[in-house]
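J.: Quick one: the structure is below, questions incoming.
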Amino acid sequence: MKKITATILALVMCVSMFCFASCGSVNDTVENLEGTYTQEYAGTTLNVFNWGEYISDGSEGSLHVNKAFEKVTGIRVNYSTYDSNESMYAKMKSEAVSYDIVIPSDYMIQRLISENMLQKIDYSKISNYKNILDEYKNLYFDENDEYSVPYSVGMVGLIYNTEMVEEAPTSWSAMWDEKYKDNILTFSNPRDSFAIAQFLLGIDLNTTDKAEWDRAANKLKEQNKVLQGRVMDEVFNKMEAGNAALAPYYAGDFLTMKDINDDLEFVYPKEGTNIFVDSICIPENAKNYEAALMYINFLLEPEVALANAEYICYATPNKAVLTNEEYSLKDNKILYPAEADKPKTQYFHDLDSSIRSYYEKLWEDVLRES
């Protein structure tokens, strides 16, 4: 997690050339590797496409996962990011760039498989797959575990600023409350935005009834008049700086924001919420398949997975992390709520292209009327 005070301290410490040089050191060493890694593909490049703020990058002494992988294998990691499943899909579909690793969410993986955009993973070369909890295997989007390896697990909730919100909200309806006009943020992607309206209206997230999508779209249009804006990664700066009162976002990212602004709190609304699993995949047009397999195995290393779990603050599907006494978030009630406190949840599924086209058109209407 990023801390402004740590950044200031680092700058103060780097007052001489000697100190400045020492500040350039990076933690790129994994002490105990369980998998086998070779230098066979040293000098080649691995193109990785991932969500923003979604891998331990060496900040504040944390493990720099990509540099550690480069050190172990000699393979260069070319790392780029996206802010939504839809933008990732569009980039992959364009074939302007070929990626060796992508980490989409469940429903997008389902679509990529159906469109033959992923290739099967040779699990015999993923020895650390043993670390994945059984509950995250054989899920609906990859029932035979052929195309994906779980990376993280999360749920969407409502973040609110206690200095701006009179009492803790319990319902998604707070995002339509006129007393917070111009202080409400929401998602800039259609699936997450529609889901909030659907939960509020009691609509199945995966409905194929166009009339139900119409109802959700009309609810989103009602929301336009109270919104400050639609955001994705911009939500970090806005909520951390106290520039908005309410914002739906992913639970793990809330923990990062709260580390900066302690006025922020989080709730799973009573109507329910989306649960998701983001998993590591290899695109069909990947150029460096064997290196991709090594990278997947590396991400599942207990030491690496622990560094990632601590950094991104999402729930982990890796049992080696959950059984590690050093894992600081293992008892976090937002990431791992007790059974009695778990919200009602539903996964997104990939929808028939006609329904997808229909709600995408409705989304354009919502944006046009904002």
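J.: Report the normalised scattering of the stretch 216-370 as log10 I(q)/I(0) at q = 0.12 Å⁻¹, calculated by the Debye formula with identical scatterers on the alpha carbons.
T.: Each listed q corresponds, in turn, to -0.77.
J.: Further question: Given the options Val321, Val304, Val72, state which has the largest fluctuation in a GNM of the chain using a 10 Å cut-off (strictly under) for Cα springs.
T.: Of Val321, Val304, Val72, the most mobile in the Gaussian network model is Val72.
J.: Using θ = phi - 60° and the Karplus relation 6.51 cos²θ - 1.76 cosθ + 1.60, list the HN-Hα couplings for the stretch 225-236 in order, rounded to whole Hz, with x at every Gly or Pro.
T.: Calculated HN-Hα couplings, in order: 5, 10, 6, 7, x, 10, 9, 10, 5, 5, 4, 4 Hz.
J.: Oh, and also: Kindly identify the stretch 133-247 as rounded, prolate or oblate by the Cα gyration tensor criterion: order the square roots of the eigenvalues as a ≥ b ≥ c, call it rounded if a/c is under 1.5, otherwise compare a/b with b/c, prolate if a/b is larger, else oblate.
T.: Details: a/c = 2.40, a/b = 1.47, b/c = 1.63.
Oblate, because a/c is 1.5 or more while a/b does not exceed b/c.
J.: Give me the Debye-computed log₁₀ of I(q)/I(0) at q = 0.18, 0.24 Å⁻¹ for the stretch 322-364, equal point scatterers on Cα only, no solvent, two decimals.
T.: For the stretch 322-364 at q = 0.18, 0.24 Å⁻¹, log10 I(q)/I(0) is -0.69, -0.86.
J.: Convert 20 °C to kelvin, take the viscosity as 1.002 mPa s, use the Kirkwood radius over C-alpha pairs of the chain as Rh, and evaluate the Stokes-Einstein diffusion coefficient in µm²/s, rounded to a whole number. Present the calculation step by step, with values, prior to reporting the outcome.
T.: Details: Rh = 21.7 Å.
The estimated diffusion coefficient comes to 99 µm²/s.
J.: Please identify every one of the GluC sites (Glu not before Pro) in the stretch 267-345 that sits in a loop by DSSP and has no more than 12 other beta carbons within 10 Å of its own beta carbon. Numbers along the way, then the final one.
T.: On the way: sites: Glu271, Glu284, Glu290, Glu303, Glu310, Glu325, Glu326, Glu339; in loops: Glu271, Glu284, Glu325, Glu326.
Within the stretch 267-345, the qualifying GluC sites (Glu not before Pro) (loop, at most 12 other Cβ atoms within 10 Å) are Glu325, Glu326.
J.: If you average the C-alpha positions of the stretch 102-171 and of the stretch 68-98 separately, how far apart do those two centres end up, in angstrom?
T.: Cα centroid of the stretch 102-171 versus Cα centroid of the stretch 68-98: 17 Å apart.
J.: While we're on this one: For the chain, find the longest principal axis of its Cα atoms and tell me its angle to the long axis of helix 4-13, 0 to 90°, nearest 10.
T.: 30
J.: Could you state the angle between the C-alpha long axis of helix 251-260 and the longest principal axis of the C-alpha atoms of the chain, as a value from 0 to 90 degrees rounded to the nearest 10?
T.: Rounded to the nearest ten degrees, it is 80.
J.: Below 8 Å, C-alpha to C-alpha, sequence gap of six or more: please give me the relative contact order for the chain in percent. Please report the intermediate quantities before stating the final value.
T.: Numbers: 639 pairs, mean separation 94.9, N = 370.
About 26 percent, as a whole number.
J.: What do you get for the angle between helix 289-299 and the principal long axis of the chain? Use alpha-carbon atoms, 0 to 90 degrees, nearest ten.
T.: 80
J.: Let me ask you something else. When the distances between all Cα atoms of the stretch 28-171 are binned every 10 Å from zero, what whole-number percent does each bin get?
T.: So the P(r) values, bin by bin, are 9, 31, 35, 17, 7, 1.
J.: Express in % the proportion of alpha carbon pairs of the stretch 69-124 at distances exceeding 16 Å. If you can, show how the numbers build up before the last one.
T.: Working: 788 of 1540 pairs.
The answer is 51 percent, as a whole percent.
J.: Rounded to whole Å and sorted largest first, what semi-axes of the equivalent ellipsoid does the C-alpha gyration tensor of the stretch 143-195 yield via the square root of 5 times each eigenvalue?
T.: Sorted largest first and rounded, they come to 32, 13, 9 Å.
Each reported figure results from applying straightforward, stated rules to the coordinates on display, with no laboratory input. The structure presented is a predicted model; accordingly, all values stated were derived computationally and were not measured. All Cβ positions, glycine included, derive from the backbone under ideal geometry; neighbour counts span all protein chains shown.
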